[in-house]
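Right, one structure below, let's go through it.
The values are calculated or read from the model by the stated rules, or taken from the named source; none is laboratory data. All figures in this text were calculated on a predicted structure; none of them were measured in a lab. Here the Cβ positions follow ideal geometry from the backbone for every residue, glycine too, while neighbour counts run over all protein chains shown.
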Amino acid sequence: MSDDDTKRNRRDETGGADPTIDFGDEFGVVRFADEDDSGPALSFGNETEQLPHWTEPPTGDLPRFMKGEDDDATDAPIRIGDDSTDVWGAYNDTSASRPRVDLTGKTPRFETSTPPPVQRPRREGPIRIGTDPTGENSRPIPRDPSASAGRVRPAQVTRSRRPGDPRPTRPTTGAMQRPATGPGANRDLPMATAVGALLGAAFIGAVVWRPAAVVILVTAIIGIASYEFFTQIRTAHYSPVMPVGVAACVAAPLAAYWMGDAVLPLIIVFALIACGIVFVAGDSIDISPTPQMAVTLFGIMWIGLFGSFASLILRLSTTGSFAGSNIGTDTLFIIVIGVIANDIAAYFVGSAVGRTPLRDWISPNKSTEGLIGGTLGTFGAVIIVGLQSTTWNGLGEWLALAIVISLVAPLGDLVESMIKRNLGVKDFGTILTGHGGVLDRFDSMLFTLPVVYYLALVLQPWG
């Protein structure tokens with residue numbers, strides 16, 4: 001039996017009053033609504049059309065939710081149900097700029113309106129990065145004089161350097177820096193002249209007296225110069241064996257005057273053995289023995305070994321068939337005069353007309369013009385002194401001696417300046433007022449002595 005038949009029989013039995021159907025134990029009793037369901041099932045208020053019953057076949061037409069432009073309709077928004085709250089009013093408001101859409105199937109018409117232009121604030125001017133348009137930073141800030149009275153400037157922080165690290169060079173503002181106010185701007189010329197005259201008088205007195213007195217003067221100069229070097233080398237965080245270095249530098253000229261040039265290699269050997277003993281007795285490898293031994297031997301060879309050739313030159317007057325002659329003292333005297341003339345002439349000529357830097361990364365004050373001026377000064381001084389000498393008495397010998405001094409003396413000065421630049425010091429000492437230290441004054445002499453000694457052995461001008 002179908003459901004419709006069951007429902008119809010149930011209504012006939014109860015006279016149409018009982019709207020329930022009993023489906024047995026599986027589904028139970030189902031009760032239907034009392035009112036008649038022949039009317040429309042859904043309703044959206046009084047203004048909407050009645051929807052077709054759900055049992056009717058579909059018509060294929062779209063429901064009409066709003067009136068067309070040809071219908072008798074107002075512009076009032078459509079309200080669903082009896083609720084007076086208009087939740088869609090913002091979308092149906094004709095005063096808004098949103099266009100209205102017609103869904104009735106007719107030709108759509110869009111109502112548009114041009115929005116008013118947006119008024120933006122006018123910019124006063126272009127904004128530049130790094131400027132203050134408000135002028136706040138340009139206002140003077142009142143300062144309290146009492147606040148800065150007790151202010152202490154913080155100390156400069158320096159980075160520690162390991163042994164052997166290259167020290168950065170100081171920047172220069174130009175290709176060459178000359179004295180600002182003339183030749184005497186960087187030196188105290190009166191004091192430097194007085195000190196130089198005193199040294200010259202001591203040297204001349206020792207030469208006139210005897211060669212041994214000159215050896216004592218040379219040994220004192222070498223000892224002071226070696227002490228200055230090993231003291232300043234410690235500022236670069238090296239740890240040389242200073243007692244061994246100074247002792248070897250002092251022993252070298254004395255041993256050379258006593259036994260000749262054959263003893264000089266023995267000085268180096270003993271110095272190396274002494275340094276080895278000192279570092280072997282150390283606590284650990286952290287003391288870096290290799291760079292410390294190297295810098296110690298460097299000072300011994302540069303100052304002690306080179307300086308000992310002054311004793312070897314003086315020894316020419318005390319040994320062999322020329323014992324008692326002035327060969328050694330004359331030669332050393334010409335060397336000293338030639339080196340001093342080279343330094344003075346290069347300084348004044350370079351300060352006056354120097355324009356081309358010689359090696360600006362080493363010493364901006366040294367110029368090519370100064371080198372030429374020093375060469376001319378050396379030639380003039382050597383020839384003038386040679387005319388009074390009984391040892392160097394030929395023009396060829398004077399020219400050879402002047403050429404050697406003009407080339408080697410500036411090289412010794414540049415090497416010493418390069419070492420000072422690497423260590424970051426201005427002078428190795430201050431014992432000689434106006435000149436710096438002893439090593440600063442005799443740096444050119446150290447390179448000149450061994451070269452002139454072997455030149456003399458080759459030329460033998462005394463023969």
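Summary table below
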| read-out | value |
| --- | --- |
| Qualifying residue in the range 249-260 (condition: within 17 Å of residue 446 (Cβ to Cβ), assigned to a helix (DSSP H, G or I) and not assigned by TED's automatic domain parsing to the domain that holds residue 229) | no |
| Failed item in (1) within 21 Å of residue 452 (Cβ to Cβ); (2) outside the structural domain of residue 215 (by TED's automatic domain parsing); (3) crowded, with 20+ Cβ neighbours inside 10 Å, with residue 404 passing the rest | (3) |
| Residue in the range 339-352 that is touching a strand residue (DSSP E or B) at 6+ places or on another chain (Cβ under 6 Å) and not in a loop (DSSP other than H, G, I, E, B) present | yes |
| Residue that is modelled with the highest pLDDT, among those in the range 415-450 that are surrounded by fewer than 19 Cβ atoms within 10 Å (Cβ to Cβ) and over 18 Å from residue 234 (Cα atoms) | 415 |
| Conditions (1) closer than 16 Å to residue 416 by Cβ; (2) surrounded by fewer than 20 Cβ atoms within 10 Å (Cβ to Cβ); number of the one not met by residue 347 | (2) |
| Filter pass, residue 229 being of a type in the set (Phe, Trp, Tyr), touching a Leu at 6+ places or on another chain (Cβ under 9 Å), part of a helix (DSSP H, G or I) and at pLDDT below 90 | no |
| Residue check for residue 318: part of a loop (DSSP other than H, G, I, E, B) and surrounded by fewer than 22 Cβ atoms within 10 Å (Cβ to Cβ) | yes |
| Residue 363 vs. criteria modelled with pLDDT under 90 and either touching a strand residue (DSSP E or B) at 6+ places or on another chain (Cβ under 9 Å) or crowded, with 21+ Cβ neighbours inside 10 Å (or both) | yes |
| Qualifying residue in the range 394-413 (condition: more than 22 Å from residue 325 (Cβ to Cβ), in a loop (DSSP other than H, G, I, E, B) and under 37 Å from the mean Cα position of the chain (by Cα)) | no |
| The range 430-463, residues that are on the phi > 0 side of the Ramachandran plot and of a type outside the set (S, T, N, Q) | 434, 436 |
